[in-house]
Amino acid sequence: MKNSSYTIAIFLSTSLLALANTTEAPKIEDSSTVAEFDNAEVKKMEWQIVDDGVMGGLSKGNLRMTKNETMVFSGNLSLENNGGFSSVRSADVKMDLKNYKGLTLRVNGDGRTYQVRLASDARFRSSQVSFMAEFETTKDEWTVVKIPFKKFEGSWRGMDLPDKVLNTADIQRVGLLIADKKEGPFAVEVDWIRPYGKAGKKS
């Protein structure tokens, strides 16, 4: 079990967003992509920042879409007041990625470790389960990160849920998070997020 307070804060912030979002989730018709950050898609995804302020933390994240149709997630991570995370996430969406093996991301980072976070129809005590996988970045270099779906691990309020399985046919939320326990500025630019590998075939 993970007992760190910022994992509890992550759960609370997700719950508050779910309660606040009463509109029907948009269906992303093109299953060959998750996010390209073009103008029309950005309006559907409604990307938003959620920081550790829900637990009194002092981390501060920022979100910027560039003219080159990329997303820049940056800010400052603080460990004060039980803090330690900043995140950017979509509103509720509907994506069917069951025909793929995982995700690829083209990122230009700062050398820090980030997380991709997904949510599906999995629930624990009537609440949404979060599935997480970490990836490394190379400072000031564009790299393509490849993360198999089987590496995504479920959790709820900081509790590991190894028996929960990510239903890739019903992806309901997408996000990035930094919680590497290192204070200071962070920045990662994301060109796109796409699924890879047809299920049942080598890739």
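Remark on Arg112: its backbone amide H falls under 5 Å from those of Thr137, a criterion applied only to residues 5 or more positions apart or on other chains, H modelled at 1.01 Å from N. Which parts of the stretch 180-197 would a label at Lys151 reach, counting a residue when its backbone N lies under 13 Å from a point 7 Å out along Cα-to-Cβ? Residues 196 fall inside that zone.
Restriction of the trypsin sites (Lys or Arg not before Pro) in the stretch 70-113 to DSSP coil positions whose beta-carbon has at most 16 other beta-carbons within 10 angstrom yields Lys98. How charged is the neighbourhood of Trp47? Take every other residue with its Cβ under 15 Å from the Cβ of Trp47, and add Lys/Arg as +1 and Asp/Glu as -1. My count for the surroundings of Trp47 gives -3. 3J(HN,Hα) couplings calculated from phi for the stretch 115-122 with the Karplus curve 6.51 cos²θ - 1.76 cosθ + 1.60 (θ = phi - 60°) are, in sequence order, 10, 8, 10, 10, 10, 10, 7, 5 Hz; Gly and Pro show x. Modelled label positions at Met159 and Thr143, each set 7 Å beyond Cα in the direction of Cβ, lie 3.5 nm from each other. For the peptides 64-72, 147-155, the ranking by packing is 147-155, 64-72, with the highest mean count of neighbouring Cβ atoms within 10 Å listed first.
Each reported figure results from applying straightforward, stated rules to the coordinates on display, with no laboratory input. Bear in mind the structure is a predicted one, so any value in this text is a computation, not a measurement. For neighbour counting, all protein chains shown are included, and Cβ atoms are generated from backbone atoms with ideal geometry for every residue, glycine included.
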